[in-house]
Amino acid sequence: MRNDFLKACRGIKTDYTPVWFMRQAGRYMPEYQKIRKKYDFLTMCKTPEIAAEVTLQPVKVLGVDAAILFSDILILLEAMGIEIKFIEEKGPHVSPTIRTSSDLKIIKELNIDKIDFVFETIRILTKELDVPLIGFAASPFTLVTYIIEGGSTKEFVNTKKFMFSESDSFHNLMSICEEATLRYLLKQIKAGVHAVQIFDTWAGILSPSDYEIFVKPYIKRLIEGLKIVPVIYFCSNTAGLANHLKELNSDVLSIDWRIDIKDAAHLFKDQPLQGNLDPLALLGTEEELFKRAEKILVDGNLAKSHIFNLGHGVNINTSVERLKKLVDFIHEFKREV
Ligand code: CP3
C-alpha cells in the first residue's frame, strides 16, 4: 500500500507532499453523475457495492494518496432514531428536531447495526484499495447543530438559543453524541479504516470561550479514545481558536484558507497540518491556481509535515482535468529539504 499519507499523519516528511480532497467523490465527476442518475444519494450511501465504487472513482481518476469513505456525516443519526432525507436543491433534512430538554427523549439508544452498510463498505474497500482509507464522522457539535436546526443554516439561532438557555441539557445532548460518535468511529476502525477525520464544519460559529466550554472537552475525549489510528480534526475559522486547538492533541489539524499556512505552521508547531487551498481557486485560471498551490507547498514545508487538501469540499463546478493537473503538480513539486 502507498503509505505517504499515513507517514505524513505521523509527522514524517515524505519525498512528495501527499494529497487528497474533501468531497473528492461527488457531482463534479461524470462517473459519479452516471450512477447518481439511477439512484438517490442515500441509496448510494446505503448500498455497499455502490458506495465502494464511488469511493474508488477519485482514487483511480485523480491519483490521490488516500481514499475517503463515501457516506455522509448525518448517517449516524439513523442509528440514533432520527430520520434524515436529502432534498434535491435544498440539502439535508433532519426530523424530528430537538430544541428543548424535554425533546431529548426522542433520541433512541444507539443501534449501530442499523447502519451496518457503512462497515460493509469499508470491508469491501480494504480489499480493493492500494492507498489508505479515511473513515469519518461529524464532531458531536456539528452533529448537534443538525439535530437542533433540522438542516443547514447560516445563523444557528436554535442551536445558540438552546445552548444559552438550557446549557445543562445542551451538554447532555453533546455527551450522547460524543458517545455515539466514539462507538461509530471505533467500529469503522475495526472494519478497516486507516485514519479518521472528525468534521467540525460549524465549530467556527462559536466564540472561543463558548468553544472552550461546549466543544473542546468533547473533542479532546473523542480524540483520546480514537488514538489507535491517526485522527485528523477539521475545523473552519481556526485562527481565533488556535489556543484551544493546540491542546486537542489531534494527530493532524486540517485548516481552511482563512489562515495562512505559514502562520498556522508557526502557531501549531510540531503539529502535522492538512490543507488549505480555497476550493474556488480551482475555478480561476490555471496560472492563479498553481501560484496558490505552490505557495501552500512551500509554506506547508514549515509545518512538521503537510498533507495537501482544500480548505473545504470540492465545488460542483470543478473540472476533473484541472483537479488531476493539480494532483500531478503537487506530486512533481520538489520541496527544499
Ligand atoms: O469527502 C468525500 O468525498 C466523502 C463523502 C462526504 C460527503 N459528505 C458526501 C456528500 C463527506 C465526508 C461529507 C461530509 C459532510 N456532509 C459534511 C462535513 C463537511 C462539509 O462539507 O462541511 C456536511 C456538513 C455534510 C452534510 C451534507 N451532505 C450537506 C450540507 C449536503 C448537501 C450539500 C450538497 O452539496 O448538496 C450533503 C450531501 C452530500 N454529501 C453529497 C455528497 C457527495 C451530494 C449528494 C448528491 O446530491 O449527489
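The values are calculated or read from the model by the stated rules, or taken from the named source; none is laboratory data. Because the structure is a prediction, the values reported are computed rather than measured. Here the Cβ positions follow ideal geometry from the backbone for every residue, glycine too, while neighbour counts run over all protein chains shown. The area values use the complete protein model at the heavy-atom level, side chains included, leaving out ligands, DNA and RNA. Shrake-Rupley method; radii C 1.70, N 1.55, O 1.52, S 1.80 Å.
Key figures for this structure:
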{"read-out": "Relative contact order for region 84-217, counting Cα pairs under 8 Å that sit 6 or more residues apart, in percent", "value": "35 percent"}
{"read-out": "Student exercise, the chain dipole from Lys, Arg, Asp, Glu Cβ charges, in Debye to nearest 20", "value": "280 debye"}
{"read-out": "Within the chain, percent of DSSP bridges classed antiparallel, to nearest 5", "value": "20 percent"}
{"read-out": "Difference of contour (0.36 nm per residue) and Cα-Cα distance, Glu155 to Arg27", "value": "43.4 nm"}
{"read-out": "Prolate/oblate/rounded label for region 164-276 (Cα gyration tensor, a/c 1.5)", "value": "oblate"}
{"read-out": "Solvent-accessible area of Asp168 with every protein chain in place, 1.4 Å probe, in Å² to the nearest 10", "value": "120 Å²"}
{"read-out": "Inter-label distance for Ile228 and Glu128, nm, one decimal - labels placed 7 Å from Cα along Cα-to-Cβ", "value": "2.4 nm"}
{"read-out": "Which listed pairs, of Lys295/Lys334; Lys295/Lys325; Lys154/Lys262, have C-alpha distances above 18 Å, in listed order", "value": "Lys154/Lys262"}
{"read-out": "Gain on full stretching of the segment that runs from Ile87 to Asp40 - 0.36 nm per residue minus C-alpha separation", "value": "15.9 nm"}
{"read-out": "Accessible area of Arg23 in the full protein assembly, 1.4 Å probe (Å², nearest 10)", "value": "150 Å²"}
{"read-out": "Contact order relative to length of region 175-233, as percent, for alpha carbon pairs under 8 angstrom and 6 or more apart", "value": "55 percent"}
{"read-out": "Global geometry of region 76-129, whether rounded, prolate or oblate, following the gyration tensor of its Cα atoms and the 1.5 cut on a/c", "value": "oblate"}
{"read-out": "Global form of region 1-147, assessed from the alpha-carbon gyration tensor, a/c cut-off 1.5", "value": "prolate"}
{"read-out": "Cα centroid separation - region 213-261 against region 159-188, whole Å", "value": "17 Å"}
{"read-out": "Accessible area in the full protein assembly, largest first, 1.4 Å probe, for Thr121, Thr47", "value": "Thr47, Thr121"}
{"read-out": "Computed magnitude of the charge dipole of region 163-206 (debye, nearest 20; Cβ of K, R +1, Cβ of D, E -1)", "value": "360 debye"}
{"read-out": "Cross-link reach list, lysines versus Lys220, counting only Cα pairs under 17 Å and skipping chain neighbours closer than eight places", "value": "Lys246"}
{"read-out": "In Å², nearest 10: area of Asp299 left accessible to a 1.4 Å probe", "value": "10 Å²"}
{"read-out": "Loop-resident sites, region 240-322, for trypsin sites (Lys or Arg not before Pro), counting at most 13 other Cβ within 10 Å (DSSP)", "value": "Lys269"}
{"read-out": "Relative contact order of the chain, defined on C-alpha pairs under 8 angstrom at six or more residues apart (%)", "value": "22 percent"}
